[in-house]
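Beneath this line is the structure, given in structure tokens, with notes to follow.
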Amino acid sequence: MALFLLVVLAFLGSALLRHPDTPLPQRWNVFEPLAVSDPITPITSWKLDWATSDPQMCVEIMQAAGRISAMDDLVVDDNCGIEGRVTLRSVGTAALDPLETSCATALRMAMWEEHGIQPVARDLFGTDVKIIRHIGSYNCRRIAGTDRMSTHSTADAIDISGFDLVDGTRIRLLKDWNGDDAKAQFLREVRDTSCDWFGTSLGPDYNRAHADHFHLQNRGWGTCR
Ligand SMILES: [Zn+2]
């Protein structure tokens with residue numbers, strides 16, 4: 001009897017989620033893909049993982065959340081290449097110099113821009129970030145001093161060197177990280193929020209090799225320094 005009730009409840013629950021006119025908001029519906037501008041819920045990170053593992057879904061989501069051009073996958077060898085390759089030109093209202101990367105990286109950037117970078121900029125400066133400065137994503141190489149391939153080899157990482165605000169203010173990791181002003185505070189807060197969307201975030205606090213950029217990669221065990 002208990003099992004029967006459980007089956008009935010599961011059926012009704014599933015019908016509620018799948019019904020085209022379901023009253024359940026998209027952000028709470030596990031059958032609805034992620035939308036970058038949706039408010040965050042406990043299932044957001046699950047939806048993000050779903051989207052980043054499906055390049056076609058990822059591209060559709062990004063077309064509503066930034067400026068991208070889908071490209072053919074880059075096939076190089078077992079170590080290097082880009083699955084779900086795109087050219088990224090903006091996330092939300094922030095532009096980037098055109099960047100060849102994976103859609104998964106682009107989507108994580110879009111989540112960070114929407115839910116981290118812009119809210120922090122508005123809070124501290126009362127204005128938005130206009131340009132996100134990067135120093136690349138795809139790079140077929142080993143991690144310096146090791147035999148292991150870098151996550152840049154599959155465009156699963158991006159390096160961010162600074163931000164330009166709408167009013168023209170320039171914020172750079174190399175110059176502004178060690179200050180005690182709003183720029184330094186901004187860099188620390190956006191670093192902290194990047195960890196919500198990337199698996200690993202390494203910056204000036206991690207080591208000297210990262211004095212001038214944040215290394216943000218899709219995979220990892222949550223290192224956030
Ligand atoms: Zn890097």
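The values are calculated or read from the model by the stated rules, or taken from the named source; none is laboratory data. These figures come from a predicted structure and were not determined experimentally. Please note: Cβ atoms are built from the backbone with ideal geometry, for glycine as well, and neighbour counts cover all protein chains shown. To get the accessible areas, we keep the full protein, side chains included, count just its heavy atoms, and leave off ligands, DNA and RNA. Shrake-Rupley method; radii C 1.70, N 1.55, O 1.52, S 1.80 Å.
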- Item | Neighbour-limited loop hits for chymotrypsin sites (Phe, Trp or Tyr not before Pro), the range 177-225 (at most 14 other Cβ within 10 Å; DSSP other than H, G, I, E, B) | Trp221
- Item | Among Gly84, Gly92, Gly126: highest mean-square fluctuation, GNM of the chain, C-alpha pairs under 10 Å | Gly126
- Item | Length released on extending from Ser45 to Met71, taking residue separation times 0.36 nm less the Cα-Cα span | 6.8 nm
- Task: First obtain the Kirkwood hydrodynamic radius of the range 186-225 from its Cα pairs, then insert it into the Stokes-Einstein equation at 10 °C and 1.306 mPa s, and state the resulting D in µm² per second as a whole number.
- Result: 163
- Query: Pairing the Cα long axis of helix 182-194 with the longest principal axis of the chain, what angle in degrees results, from 0 to 90 and rounded to the nearest 10?
  - Reply: 40
- Query: Taking only DSSP H segments of four or more residues, each worth -39500 (n - 2.57), what value at 222 nm results for the chain once the sum is divided by all its residues, to the nearest 500 deg cm²/dmol?
  - Reply: -9000 deg cm²/dmol
- Task: Write down the radius of gyration of the range 164-218 and its Dmax, each obtained from C-alpha positions, in Å.
- Result: 11.3, 32
- Query: Taking the Cα centre of each part, how many Å lie between the range 191-205 and the range 38-68?
  - Reply: 19
- Calculate, for Thr169 and Thr93, the FRET efficiency according to 1/(1 + (r/R0)^6) with r their C-beta to C-beta distance and R0 22 Å; round to the nearest 0.05. 0.90
- What is the distance, in nm, between label points placed 7 Å from the Cα along the Cα-to-Cβ direction at Met149 and at Ala182? 4.4
- Message: Restricted to Cα positions, what overall size does the chain have along the principal axes? Three whole-Å values, descending.
- Response: 66, 46, 33
- If one compares the long axis through the Cα atoms of helix 103-112 with the longest principal axis of the Cα atoms of the chain, the angle in degrees, nearest 10, works out at 80
- Query: Residue by residue through the range 56-67, which ³J(HN,Hα) values in whole Hz follow from phi under the Karplus form 6.51 cos²θ - 1.76 cosθ + 1.60 (θ = phi - 60°), with glycine and proline marked x?
  - Reply: 5, 4, 4, 5, 4, 5, 5, 5, 9, 10, x, 10
- Restricted to the chain, the DSSP antiparallel beta bridge percent, nearest 5, is 95
- Message: Taking all protein chains in place and a 1.4 Å probe, what share, in percent, of the accessible surface of the chain do carbon and sulfur account for?
- Response: 53
